[in-house]
Amino acid sequence: ADLATLDAAVSTCRACPRLVAWREEVATTKRASYAGEPYWGRPAPGFGPSDARVLVVGLAPAANGANRTGRVFTGDRSGDWLYAGLHRAGLANQPTATHAGDGLELLGTRVVATVRCAPPANKPTPAERDTCAPWLHRELTLLTEVRVVVALGSFGWDAALRTCAALGWAVPRPRPRFGHGAEAVLTRAAAGGASEEVTLLGCYHPSQQNTFTGKLTEPMLDAVLGRAASFA
Ligand code: SF4
C-alpha cells in the first residue's frame with residue numbers, strides 16, 4: 001500500500017458510530033456562515049508528501065474546519081495558526097489554508113490528526129482514540145523518512161509515543177512527559193547493525209483556547225517549528 005491508498009481508505013472509515021453520526025450531522029446542519037458551502041463530513045486524511053521528514057500530529061478535525069473542507073487543519077483558526085507557523089519555518093509554500101484547492105503545499109512535512117473524525121466538543125473518547133490508532137500506525141509505517149514528530153498537545157504526544165513504541169522505537173524511561181518545548185529522542189535498530197533516531201517535540205496545541213489566552217504565542221510556536229525545520 002502507498003500513502004494515497006491509505007488516504008483513500010481512511011476517508012471511507014465508519015468504525016466509530018458516535019463520530020460518524022456527529023460528523024454527518026454537522027455536515028447536514030452546517031454553521032450558518034457556511035450554509036451555502038458543501039461539507040466533507042468524512043474522516044480527514046493526512047496532508048503532505050510521502051517523503052516528509054517532519055510529521056505534525058494534532059488532535060482531531062474541527063467540526064466546521066477539516067470536517068467541512070476535507071483537509072486537515074484547513075478552514076479554522078487552529079489551522080490558520082499552524083500553517084502560518086509552518087510557512088514562517090520554511091515548511092509550507094504559503095501562510096494561508098482556506099480550502100483543499102488553495103495551492104498550499106507542505107515542504108518535507110506531513111500533518112495528521114490522531115483521531116480522524118470531528119468529535120463532539122473536540123473530545124474523542126478513549127475507545128475512539130484506540131479505534132483510530134491503527135490509521136496512525138499504518139501512516140507512520142509508510143512515512144519512512146520521518147525524523148521529527150511535532151506533537152500538538154498531550155493527546156498527540158501520547159499517541160505519537162504509543163505508535164512509535166508499537167513500531168519498535170525504544171521510548172526512554174521514565175516515559176517523557178508532554179510540555180511545550182519538551183523533546184525526547186527515540187531510537188530503533190536499523191539495517192546493518194546501525195541505529196536510527198526520531199525526535200519527538202512537544203508544542204501546545206494552537207487551539208483558540210491557547211492562542212486567545214496567550215498560553216501559546218507566535219514566538220513559542222516558531223521556536224518549536226524552527227527546531228523541527230532543522231531536521232528537514
Ligand atoms: Fe474511522 Fe478514525 Fe473516524 Fe473512527 S475516528 S470512524 S476509526 S477514521
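Here are some notes:
- Given R0 = 35 Å, the distance between the Cβ atoms of T131 and A32 translates into a calculated FRET efficiency of 0.65.
- Prolate/oblate/rounded label for the chain (Cα gyration tensor, a/c 1.5): prolate
- Residue separation of R14 and A1 scaled by 0.36 nm, minus their Cα-Cα distance, works out to 2.7 nm of gained length.
- Virtual paramagnetic centre 7 Å along Cα→Cβ of A194, amide N under 20 Å, in the range 156-178: 168-170
- Neighbour counts of C-beta atoms inside 10 Å place Y204, Y34 in the sequence Y34, Y204, starting with the fewest.
- Taking a Cβ cut-off of under 9 Å around R88, the surrounding Lys, Arg, Asp and Glu residues balance to a net charge of -2, with basic ones at +1 and acidic ones at -1.
- Helix-only [θ]222 nm of the chain, DSSP H runs n ≥ 4, -39500 (n - 2.57) each, per residue, nearest 500: -11000 deg cm²/dmol
- Net dipole in debye of the range 136-203 [+1 Lys, Arg Cβ; -1 Asp, Glu Cβ; about Cα centre; nearest 20]: 240 debye
- Placing +1 on the Cβ of every Lys and Arg and -1 on the Cβ of every Asp and Glu, with no other charges, gives the chain a dipole of roughly 580 debye about its Cα centre.
- Across the range 122-139, coupling constants 3J(HN,Hα) worked out from phi with the 6.51/-1.76/1.60 Karplus curve, θ = phi - 60°, read 6, 10, x, 7, x, 5, 5, 4, 6, 5, 7, 3, x, 5, 5, 4, 5, 5 Hz, and Gly and Pro carry x.
- Of the peptides 129-141, 177-189, 18-30, the ranking by mean beta-carbon count within 10 Å, highest at the top, reads 129-141, 18-30, 177-189.
- Cα gyration tensor, the range 1-81 - rounded (a/c under 1.5), prolate or oblate: oblate
- Over the chain, relative contact order from alpha-carbon pairs under 8 Å, at least 6 apart, %: 21 percent
Every read-out reported here was derived from the displayed coordinates using simple, explicitly stated rules and does not represent laboratory data. A quick note: this is a predicted structure, and the numbers were derived from the prediction, not measured. For neighbour counting, all protein chains shown are included, and Cβ atoms are generated from backbone atoms with ideal geometry for every residue, glycine included.
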